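Heads up, the thing below is written out as structure tokens.
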């Protein structure tokens, strides 16, 4: 997925615009390309295992927020994380995609606040 999204010009205006407003187009394009390259390097160096073997070591309560229509993160990751992180909780957004924090800011903030308190 990172390879498919490396060029921010292929993104929808709705997804690209908020990032450009924060970082500027040129800087964000470079920043995102470096992120994608870095993730590919880590993925290839570890035969696709980025850090799943470390999940069992997480001891603090963990909130997993996920948009069920996320094109970047498959739903299988949610159950895998929840199964392998002790004391984790899941909150799903049935119509959410990859940007649940932007699309559902009030609910997202409420879920995080409730979790932290």
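The values are calculated or read from the model by the stated rules, or taken from the named source; none is laboratory data. All values derive from a computational prediction rather than experimental measurement. Glycine gets a Cβ as well: all are built from the backbone with ideal geometry, and neighbour counts include every protein chain shown.
Of note:
The rows are residues; the columns are (1) in contact with a helix residue (DSSP H, G or I) (Cβ under 9 Å, 6 or more places away or on another chain); (2) under 27 Å from residue 76 (Cβ atoms); (3) assigned by TED's automatic domain parsing to the domain that holds residue 70.
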position: 9; (1), (2), (3): yes, no, no
position: 18; (1), (2), (3): yes, no, no
position: 21; (1), (2), (3): no, no, no
position: 28; (1), (2), (3): yes, no, no
position: 31; (1), (2), (3): yes, no, no
position: 36; (1), (2), (3): yes, yes, no
position: 41; (1), (2), (3): no, yes, no
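- Residue 68 falls short on exactly one of the conditions (1) touching a helix residue (DSSP H, G or I) at 6+ places or on another chain (Cβ under 7 Å); (2) within 21 Å of residue 4 (Cβ to Cβ); (3) modelled with pLDDT of 95 or more, and that condition is (1).
- Meets criteria (surrounded by 13 or more Cβ atoms within 10 Å (Cβ to Cβ) and modelled with pLDDT of 95 or more) for residue 63: yes
- Verdict on residue 86 being at pLDDT 95 or above, more than 22 Å from residue 5 (Cα to Cα), part of a loop (DSSP other than H, G, I, E, B) and not assigned by TED's automatic domain parsing to the domain that holds residue 14: yes
- Within segment 62-100, the set of residues being without any contact (Cβ under 8 Å) to a residue 12 or more places away in the chain and closer than 19 Å to residue 12 by Cβ is empty.
- Qualifying residue in segment 35-56 (condition: exposed (fewer than 14 other Cβ atoms within 10 Å of the Cβ) and under 13 Å from the mean Cα position of the chain (by Cα)): yes
- The listed residue being at pLDDT 95 or above and out of contact with any strand residue (DSSP E or B) (no Cβ under 9 Å at 6 or more places or on another chain), out of 2, 104, 80, 93: 80
- Taken as a whole, the structure places residue 92 among residues that are touching a helix residue (DSSP H, G or I) at 6+ places or on another chain (Cβ under 8 Å) and either part of a loop (DSSP other than H, G, I, E, B) or closer than 23 Å to residue 115 by Cβ (or both).
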